[in-house]
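I have placed the structure first, in the form of structure tokens, so that the comments after it can refer back to it.
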Amino acid sequence: MTPFNRRKDGSSWRDWCRDAFVGALADAALEKSAIDALVVASESDFFTLQLNPASMIADTIGLVGCRSCRVEGGGASGHLAVHAGMAMVLSGQARRVAVVGVEASASHLDGKTVGILLSHSFDSWTDGFTGVSSTSIYALSAMAFMERTKATVNDLAAVAARNRQNARANPNAHLPLDIREEDVAVSPVISSPYRRLDCCPLSDGAACVILSRPEDLPNTGVVRVRISGTGAASDRARLGDRADPGRFRAKETAAKRALAAAGITAEAIGVAEVYDSYSGAQLQALEALGLTPDVVADERVGRFASCGELPVNLSGGLLGQGAPVGATGVAQVLVTAQQLLGSFPGLNPRSGPKYGLVDSHGGIATTCAVSVLELL
Amino acid sequence: MTKHRLTLDHSLPKGRLTPYFEALAQGRALAECCSSCGRVQFPPGGICGRCDAAELAWTSLSGNAVVIHRTDTPDRAFALVRFEGAKNSAVVAIANPDVRSSWGRLVISPASAQGLTIELNDKGNEHV
């Protein structure tokens, strides 16, 4: 993956795709000619001003002639692209699939315009036309969650600070900040109760993973990671149409499906990268994923800390590592695999877990994707 | 670095939801009522949120709403509200964010923001 940040070096999104792809090829010890399919993840053509990006990226990275397609599912685009690539391998349509996620959501447009575009990630005919921002919709959901679970703004601030601290060890992170809860509490209000440091940044960047059956990869003696279970589900698009607007029901369903497919229970998960677009969303996600019987109590005793029983977002998550939307889910899969291998160039889990969980969503947990990764 | 400007001027037909949007433009709350189970939902969604039936009839609501949760930005405020008579809730803009009240009423949205807007009643319960 490329660094996630706000690019000011004159490089283009096409360059980032090429860099991420070349890095993945080198890591897999493959030649470009070994790739027979390309799946591209990108949320919005408005950011790149490039429709049909899959064919353009295939052309740019030297995969002309390959089967190529683009997958879009909001913030889950990258993760759903991994699922699509995996389906190609399992069905025999391809032997080695490159999944490239990319987004230029930080530097190509001004922040206000990006905010208007992202407000149409929900029901654009109602929420979008109201002018409500993503942050306000997430804030309303978080308030429902906080009312039910008695989570406080201090709990949210603890997540925001910890993920930025985790990111400090990650060379690719957008916001590796040395901050504490009190810094979050005095940052500007964006949409109450959310403050600036409760929100993930808009980032530029790309990430790539290569999917294949073990027998179709070079026998380099390197330990690899298997995707042993996937699940996906969708929820009502409008917060107001949900029985509990603070609960991520589709994520619950996606997680159950992924764990069942992997043949394990949530207790077997030893590390997780979850979709923390906002600090409260991380707690809502952990609850929905079934990784804790009491998310607030576990948050307060440090269970999700880097040295805790279940380290969460060691990369820094979206809050710290960053969020170039189409690349986000691909990077989540990549860093979780690296954490299982112990090769992540940042914080790695101390316990040497066998299973890791990856969680992404689009909208407000409207389109959810969960994967279970297993160290072979 | 090159600069490009793209100006878009969309025309978006609303299909079977046209009566809802026409009423909204007049400040009226037109809801869906499920022909199968009787559930009333506002805003409408085209399918019953309880029984998934697709046969829905239009029914008028008072437009009064109770605030469930409210969020404030530096210059605007939004809320999750339930309109009187509806079983679902809705995200709305608050026309008068300086007022702290739990009660409001649907009003015509500004031309630049065609979603749902409520005006809070300044004599309402101030629990939010």
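Structure summary
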read-out	value
Residue B:108 vs. criteria of a type in the set (A, V, I, L, M, F, W, C) and buried (at least 16 other Cβ atoms within 10 Å of the Cβ)	no
Complete set of residues in region A:95-117 that are in a helix (DSSP H, G or I) and in contact with a helix residue (DSSP H, G or I) (Cβ under 9 Å, 6 or more places away or on another chain)	A:113, A:114, A:115, A:116, A:117
Selection count, region A:167-195, where residues are more than 14 Å from every other protein chain (Cβ to nearest Cβ) and out of contact with any helix residue (DSSP H, G or I) (no Cβ under 6 Å at 6 or more places or on another chain)	10
Residue within region A:209-225 that is surrounded by fewer than 20 Cβ atoms within 10 Å (Cβ to Cβ) and touching an Asp or Glu at 6+ places or on another chain (Cβ under 6 Å) present	no
Residue within region B:69-82 that is over 21 Å from residue A:119 (Cβ atoms) and modelled with pLDDT of 95 or more present	yes
Failed criterion for residue B:27 (all others in (1) over 18 Å from residue B:109 (Cα atoms); (2) away from chain A (no Cβ under 11 Å); (3) surrounded by fewer than 19 Cβ atoms within 10 Å (Cβ to Cβ) hold)	(1)
Looking only at region A:118-148, and only at residues there that are more than 11 Å from chain B (Cβ to nearest Cβ) and in a helix (DSSP H, G or I), the one that is surrounded by the most Cβ atoms within 10 Å (Cβ to Cβ)	A:134
Total residues in region B:2-21, condition under 13 Å from the mean Cα position of the chain (by Cα) and more than 9 Å from chain A (Cβ to nearest Cβ)	1
Breaking point among (1) more than 30 Å from residue A:107 (Cα to Cα); (2) modelled with pLDDT under 95, for residue B:65	(2)
Check on residue B:108, touching a Leu at 6+ places or on another chain (Cβ under 9 Å), more than 10 Å from chain A (Cβ to nearest Cβ), at pLDDT below 95 and within 21 Å of residue B:23 (Cα to Cα)	yes
One residue from A:141, A:203, A:119, A:192 being among the hydroxyl-bearing types (Ser, Thr, Tyr), touching a Gly at 6+ places or on another chain (Cβ under 7 Å) and free of Cβ contacts under 8 Å to residues at least 60 places away in the same chain	A:119
Residues located in region A:98-113, provided they are over 27 Å from residue A:61 (Cα atoms) and not hydroxyl-bearing (Ser, Thr, Tyr)	A:110, A:111, A:112
Residue match in region A:180-194 (condition: under 17 Å from the mean Cα position of the chain (by Cα) and modelled with pLDDT of 95 or more)	no
Top-ranked residue in region B:32-55 [being more than 18 Å from residue A:237 (Cβ to Cβ) and of a type in the set (Gly, Ala, Ser); ranked as nearest to the other protein chains (Cβ to nearest Cβ)]	B:53
Failed item, numbered, when residue A:69 is tested on (1) at pLDDT 95 or above; (2) under 22 Å from the mean Cα position of the chain (by Cα); (3) crowded, with 18+ Cβ neighbours inside 10 Å	(3)
Residue in region B:56-73 that is under 30 Å from residue A:48 (Cα atoms) and within 11 Å of another protein chain (Cβ to nearest Cβ) present	yes
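The values are calculated or read from the model by the stated rules, or taken from the named source; none is laboratory data. Quantities reported herein were computed from a predicted structural model and do not represent experimental measurements. We place every Cβ from the backbone using ideal geometry, glycine too, and count neighbours over all the protein chains shown.
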